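Asks: My structure is below; once you've seen it, I'll send some questions.
Computed from the coordinates by the stated procedures, all read-outs in this text should not be read as laboratory data. Bear in mind that the values here come from a model prediction, so they are computed numbers and not experimental data. Because the Cβ atoms are built from the backbone with ideal geometry, glycine has one as well, and the counts that use them run over all protein chains shown.
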Amino acid sequence: MIKSQKIAIGFDESKYSKKAVEYVINNFEKSSTVYLIYVEEMLGSLYLSNPSLFIDDSIIKKIREKTKKELIKEVEAIRKKGFKAEYEYIEGYPPDKLVNEAKRKNADIIVVGSRGMGKWKGSVLGSVSQKLTVIARTPLLIIK
């Protein structure tokens, strides 16, 4: 078992981020605190990047509500395993926001899946995990 720590997990609902959660549950002491961090990049900035594309606010609200329900479900599952856990739902550029939130929480380590929900399926690392290898000053664990 890895000693008790404050653990920031980058979570995007992908199977890879769920593997990161599973790894933490199976390998870190239960006295650890888990921060599940979801960073929304597209919904808020989609219109600005392509004004011809219109997404009704009610659709964005439904997507956010669904995501928050999934985060709550994950946090409850982590707590049932004996960990302290909470989630953060943040808007912005995922690598930067994840690093900033981990620092704000005084996290000892950042854990992410090797790939997320991006469009580069054939790459070894996803764009977020790859960027984190460059910018993170906190120890980083990438789960394959």
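Asks: What nm value, rounded to one decimal, do you get for the distance between residue 64 and residue 15 when each label is placed 7 Å out toward the C-beta?
Replies: 3.1
Asks: Using a simple spin-label model with points 7 Å from Cα along the Cα→Cβ vector, what separation in nm is obtained for residue 55 and residue 133?
Replies: In this crude label model, residue 55 to residue 133 measures out at 2.9 nm.
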